[in-house]
Structures are given as C-alpha cells and as structure tokens.
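The values are calculated or read from the model by the stated rules, or taken from the named source; none is laboratory data. Because the structure is a prediction, the values reported are computed rather than measured. Backbone-built Cβ (ideal geometry, glycine too); neighbour counts: all protein chains shown.
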Amino acid sequence: MALEFQFHSFANASNALVAGKLLTVAIWAETLQTSKALQTSMVVASVLGGAALYYKTKNVWFLYGAVDMFLNIPYTLLALGPINKKLLDIRHHNTVNGKSNTMKDNITDDNTVEALLSKWSLLHSGRTLLSYAALFATVYGVISESAIRFIVYK
C-alpha cells in the first residue's frame with residue numbers, strides 16, 4: 001500500500017511534470033515487471049491457505065477470503081490488462097535497445113499518459129478493495145466461534 005501511495009503521489013504530483021509522464025511510465029513499467037511474481041505468489045498463497053483452512057474448519061469465512069483473493073486474477077486481466085498493455089506499448093516506443101530514449105515519440109503526449117495512469121490508479125483501487133475484503137473475511141473467520149474451537153481443541 002505504501003509503494004502504491006508513493007507511485008500515485010509521484011505519478012500525479014506537479015513535480016512529475018518536470019520529469020515528464022514518460023519517465024513515470026518507465027518507473028511504472030519496471031515496478032510492474034518486478035512485482036508480477038510477488039503479486040501472483042501472494043494470491044496463490046492466500047487462495048490455497050484459505051481453501052485449506054475452510055477444508056479443516058468448515059468455516060465459510062475462510063472460503064470467502066479465498067474467493068475474494070482469487071477474484072483479483074480476473075479483475076486484473078479484464079480491467080487492468082488493456083491499460084497495462086497500452087502503457088507498456090508507450091514504454092516500448094520510448095526506448096532504444098531497452099534503454100530510455102530522450103526523444104519523445106510524437107504519437108503519445110503527456111495528457112494521454114496521465115489519463116492512462118489515472119485510470120490505472122483508479123482501477124487498481126478495486127484490487128486493493130478485493131484484498132481488504134479477503135483480509136476482513138479471513139480475520140472474521142479467525143475470531144468466529146468455529147475457528148476458535150478448532151485452534152483451541154485441535
């Protein structure tokens with residue numbers, strides 16, 4: 001959450017206008033590439049953990065948490081995927097041999113990039129809400145009577 005806040009602050013701050021939105025896209029693209037494995041492993045661990053807890057306790061709240069985390073996958077692919085593709089294409093068209101090019105292409109202006117980054121940030125909030133819903137469902141499952149009985153007596 002802190003990294004997302006810092007990115008959001010940088011992407012939408014007036015100081016980013018000095019560096020340009022294309023630099024912001026470069027930072028975003030590198031962050032996206034490095035975070036894919038981490039995000040995927042966290043979703044898989046949450047889904048498997050929630051499913052295992054549901055299997056052991058038959059507490060439906062653990063299943064709700066697992067399903068909420070699983071919903072991050074189609075949400076990401078359907079809602080964020082097209083924007084990710086556009087931003088990565090912009091990044092690709094502004095590199096030479098994998099390194100940033102100081103020359104902007106004439107196809108993409110800063111307003112287009114800013115609109116895409118703002119839309120991405122807004123849609124990313126949906127993923128954050130799904131994750132919080134999973135967290136609250138799982139915590140409620142832990143403090144519910146059936147989970148406490150399972151922890152204390154097993």
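Just a few scattered comments:
- Any chance K154 is at pLDDT below 95, exposed (fewer than 14 other Cβ atoms within 10 Å of the Cβ) and within 23 Å of S41 (Cα to Cα): no
- Test: residue in segment 29-40 that is among the acidic types (D, E) and surrounded by fewer than 15 Cβ atoms within 10 Å (Cβ to Cβ): yes
- Candidates S131, S118 - the one that is at pLDDT 85 or above and either within 23 Å of T24 (Cβ to Cβ) or among the hydrophobic types (A, V, I, L, M, F, W, C) (or both): S118
- Restricted to helices (runs of 4 or more DSSP H) entirely inside segment 1-87, those with at least 3 residues that are out of contact with any Ser or Thr (no Cβ under 6 Å at 6 or more places or on another chain) and modelled with pLDDT of 80 or more are 21-57, 60-70, 72-75.
- Close Cβ contacts (under 7 Å, 6 or more residues apart or on different chains) running from residues in segment 53-82 that are closer than 14 Å to T40 by Cα to residues that are charged (D, E, K, R) comprise N72/R127; Y75/R127; T76/R127.
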